[in-house]
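Chemist: Structure provided below as structure tokens; questions to follow.
The values are calculated or read from the model by the stated rules, or taken from the named source; none is laboratory data. Just so it is clear, the model here is predicted, and its values are computed rather than measured. Neighbour counts are summed over all protein chains in view; Cβ atoms, including those assigned to glycine, are modelled from backbone coordinates with ideal geometry. When the accessible area is computed, the model is the full protein with side chains, heavy atoms only, and any ligands, DNA or RNA have been set aside. Shrake-Rupley method; radii C 1.70, N 1.55, O 1.52, S 1.80 Å.
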Amino acid sequence: YQRLGDYRQADAQFLKALRFFEHQGALSRVLALDLDRATLALKAGRLEEAQQLANQVEALLDSDDWPSLAARLHLLSAQVALATTPPKLTVADQRTQQALEVARNHNLHEVMIEADHLMAQIFEQNDDLQAASRKYYAAIERIEELRTLLAVDVFQLGFMEDKLPIYDNAVRLCHNMATPATNGKS
């Protein structure tokens, strides 16, 4: 449902799963589902709900026990900060740096990719296009390194599905950085 853009149905399914895991007492699953629900709210443009869910997770999360969830929480908070009007670039930068620290300490490649992507967006918002370009390409290099480790094309395609916006952003930035002489204009 989420991939189809039916956020209402996706949220209903998340709530069913949430109730099941709450009944089982599986706190890590509950926290992960709340992060998924917050991500869904962000994609649906419900920023306050996304931040509220993130705050709930943060209050219960022991980052030493669940570093992957902690890194995801930092990334989500950074994405919410970037999506606000006007963007809260300092908050986005701080939360992204926190995610990168966790990712480096625990070898979380997917988090590093998303953190590089977010840093590129932050640099771009600050009009530092060279730094943004470096971060986009750092993310793409990590993606390509990981993709080549996957054994089957089907797995590679699934892995790439949520990474394509990084490539789109890098191409868009390169196009915007091009001088009139290099993009065919006189």
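Chemist: Just to verify a result, which residue in the range 120-129, among those that are buried (at least 17 other Cβ atoms within 10 Å of the Cβ) and more than 15 Å from the chain's Cα centre (by Cα), is nearest to Met177 (Cα to Cα)?
Modeler: Glu124
Chemist: Now a separate question. Looking at (1) surrounded by 13 or more Cβ atoms within 10 Å (Cβ to Cβ); (2) within 23 Å of His117 (Cβ to Cβ), which one does Gly5 not meet, given that it meets all the others?
Modeler: Answer for Gly5: the failing condition is (1).
Chemist: Right, next: Give me the pairs: first residue in the range 6-35 and farther than 19 Å from Ala54 by Cα, second residue of a type in the set (Lys, Arg) and at pLDDT 85 or above, beta-carbon distance under 9 Å, and six or more apart or on different chains, which are they?
Modeler: That search, which allows pairs on different chains as well, returns Phe20/Arg29.
Chemist: Against the definition (touching a helix residue (DSSP H, G or I) at 6+ places or on another chain (Cβ under 9 Å), acidic (Asp, Glu), in a helix (DSSP H, G or I) and modelled with pLDDT of 90 or more), how does Glu22 come out, yes or no?
Modeler: Spelling it out, it is not the case that Glu22 is touching a helix residue (DSSP H, G or I) at 6+ places or on another chain (Cβ under 9 Å), acidic (Asp, Glu), in a helix (DSSP H, G or I) and modelled with pLDDT of 90 or more.
Chemist: Do you know which residues across the range 78-100 are in a helix (DSSP H, G or I), open to solvent by 70 Å² or more (accessible area, probe 1.4 Å) and either modelled with pLDDT under 95 or of a type in the set (Val, Ile, Thr) (or both)?
Modeler: Thr90 - this is the single residue of the range 78-100 that is in a helix (DSSP H, G or I), open to solvent by 70 Å² or more (accessible area, probe 1.4 Å) and either modelled with pLDDT under 95 or of a type in the set (Val, Ile, Thr) (or both).
Chemist: Can you pull out the residues in the range 101-114 that are open to solvent by 80 Å² or more (accessible area, probe 1.4 Å) and either basic (Lys, Arg) or in a helix (DSSP H, G or I) (or both)?
Modeler: Glu101, Arg104, Asn105, His106, Glu110 - these are the residues of the range 101-114 that are open to solvent by 80 Å² or more (accessible area, probe 1.4 Å) and either basic (Lys, Arg) or in a helix (DSSP H, G or I) (or both).
Chemist: If I ask for residues that are farther than 13 Å from Met119 by Cβ, basic (Lys, Arg) and either surrounded by 14 or more Cβ atoms within 10 Å (Cβ to Cβ) or modelled with pLDDT under 80 (or both), which ones from the range 130-174 would you list?
Modeler: Arg147, Lys163
Chemist: Run down Leu61, Leu47 and say which single residue is under 25 Å from Pro165 (Cβ atoms) and surrounded by 15 or more Cβ atoms within 10 Å (Cβ to Cβ).
Modeler: Exactly one of Leu61, Leu47 is under 25 Å from Pro165 (Cβ atoms) and surrounded by 15 or more Cβ atoms within 10 Å (Cβ to Cβ), namely Leu47.
Chemist: Looking at (1) open to solvent by 10 Å² or more (accessible area, probe 1.4 Å); (2) farther than 22 Å from Arg142 by Cβ; (3) of a type in the set (A, V, I, L, M, F, W, C), find the lone condition where Leu69 falls short.
Modeler: Leu69 satisfies all of (1) open to solvent by 10 Å² or more (accessible area, probe 1.4 Å); (2) farther than 22 Å from Arg142 by Cβ; (3) of a type in the set (A, V, I, L, M, F, W, C) except (2).
Chemist: A further question on this structure: Being loosely packed, with under 15 Cβ neighbours inside 10 Å and on the phi < 0 side of the Ramachandran plot is the filter here; which residues of the range 14-27 pass it?
Modeler: Hits for the range 14-27 are Leu15, Lys16, Arg19, Phe20, Glu22, His23, Gln24, Ala26.
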